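Below is one structure, written out as structure tokens; comments come after it.
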Amino acid sequence: LQLGQVVHDLAGIHTNAVDSLNYTASGLDFIDALVLSLLLQHNTKLTSLNVSGNDLQPAGGNALADSLKNHPSIATLNLASNFLSKDSMFGVCQLMKISVSLTSLDLSTNSIGQEGCKWLAEGIKFCENLLHLDLGYNAIMNEGCELICHAVLFLKSERRQKAFPRYDRIDANGLTKYALKKQTQLQSLSLRNNSLGYLAAVSVCNMIESVGFLHNLDISMNTFGEDGNDKLLNALSVNKSIVMLNLSNCSIRPEAAIRLTHWFRAHNTLEELDLSHNYISTEAVKELLEAVRQNKSLVALNLSKVTLSTDSTWARLLPNVFRKNVTLRRLEIRNNDLTDKDIEHFLEVLEVNNALSVLDV
């Protein structure tokens, strides 16, 4: 960190003049985290802390989380990419148990694992204002995913209302903090690249079938298998709340892609869909493009590396699709061995459609 920035932040932290700290990729190690945690004990107005992309290690992560227990106003916490382990999740759990303001928590690209999810799931059960949770790249496996999904369901359940009827919190000084009784609900969840399989798919399905508030779901780079993907598609068929869905690199086969297209036709609120890096076949892409032609909500579609044929039959559909569709702003279709004829059809799209702002081929 530059000395001037450090001096400025130190003064602000001590005088309560700082309510937001951003140390993204600033070279912090666990010693820096320990010092920062001590300084934060003198600040009561912090609402946002971003220390992503550093090397805090478990000790630093624990110290920071522990110091934030005295900050009921903390709303955004980003600990991504810090080599945190399961042990760091104890401190995060304690923070979540007493926090009345935490709405966004990013723990992506660490080493939480299944064991760390036990602490994290316990914290989620108390954190009724949490809206955004990112657990991507943490090797949480099937068991960890089940714990997280059950905790999200617990937040909504009547059993939770009976267990925590007053939403009281006790801070470090023994003073009662009263949280709003109006419970918010998780809107964004990322489980990207966590070695999830069929059993995790079952847990995710139970969650999205039972809750009607999830807007953004990223389960990309997991291999649920054909049976797992079938379950996911069944669950999606009854869900009307998802706005962004990322199924990139989920081993989706052509049959499943066609079923997904049928769901997409009936889903009038979906704005972003990522099916990249799946073998979904030319026929499935044709059906999807026809669905896009009639759709009035989709803003972004990613079909990169979906193994398209070189006969250009799918590309011939593009001009007609984009004559009618005026909502799509971004289309990605990279790494599909496009022919010169395909490119001609894309150029025709640009002539007939003024809404498309990003065309990545």
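Scan 214, 245 and give me the residue that is part of a strand (DSSP E or B), touching a helix residue (DSSP H, G or I) at 6+ places or on another chain (Cβ under 9 Å) and at negative phi.
Values: 214 fails: part of a strand (DSSP E or B).
Only one candidate qualifies: 245.
Restricting the first member to the range 125-137 and to residues that are closer than 14 Å to residue 149 by Cα, and the second to residues that are among the aromatic types (Phe, Trp, Tyr), the beta-carbon pairs closer than 6 Å and six or more apart or on different chains are 125/154.
Here residue 316 clears all of (1) open to solvent by less than 60 Å² (accessible area, probe 1.4 Å); (2) part of a helix (DSSP H, G or I); (3) touching a His at 6+ places or on another chain (Cβ under 9 Å); (4) more than 19 Å from residue 276 (Cβ to Cβ) except the condition numbered (1). Residues of the range 87-97 that are open to solvent by less than 40 Å² (accessible area, probe 1.4 Å) and farther than 20 Å from residue 191 by Cα: 91, 95.
I want to confirm something. Restricting to the range 262-283 and keeping residues that are of a type in the set (A, V, I, L, M) and touching a Phe, Trp or Tyr at 6+ places or on another chain (Cβ under 8 Å), which single residue is farthest from residue 335 (Cα to Cα)?
Pass one, the range 262-283, residues of a type in the set (A, V, I, L, M): 266, 270, 273, 275, 280.
Right, trim to touching a Phe, Trp or Tyr at 6+ places or on another chain (Cβ under 8 Å) and you get 270, 273.
Values: 270: 25, 273: 18 Å.
Of everything passing the filter in the range 262-283, 270 is farthest from residue 335 (Cα to Cα).
For the range 273-288, filtered to residues that are without any contact (Cβ under 8 Å) to a residue 40 or more places away in the chain and closer than 19 Å to residue 219 by Cα, the residue that is surrounded by the fewest Cβ atoms within 10 Å (Cβ to Cβ) is 279. The sole residue among 107, 64, 84 that is surrounded by 20 or more Cβ atoms within 10 Å (Cβ to Cβ) and either at pLDDT 95 or above or aromatic (Phe, Trp, Tyr) (or both) is 107. Among the residues of the range 300-321, none is identified as under 23 Å from the mean Cα position of the chain (by Cα) and modelled with pLDDT under 90.
Of everything in the range 203-254 that is closer than 23 Å to residue 283 by Cα and of a type in the set (Lys, Arg), the residue that is surrounded by the most Cβ atoms within 10 Å (Cβ to Cβ) is 231.
The values are calculated or read from the model by the stated rules, or taken from the named source; none is laboratory data. No experiment lies behind these values; they were computed from the predicted model shown. With ideal geometry, Cβ positions are generated from the backbone for all residues, glycine too; neighbour counts draw on all protein chains shown. Surface areas here come from the heavy atoms of the whole protein model, side chains and all, with no ligands, DNA or RNA. Shrake-Rupley method; radii C 1.70, N 1.55, O 1.52, S 1.80 Å.
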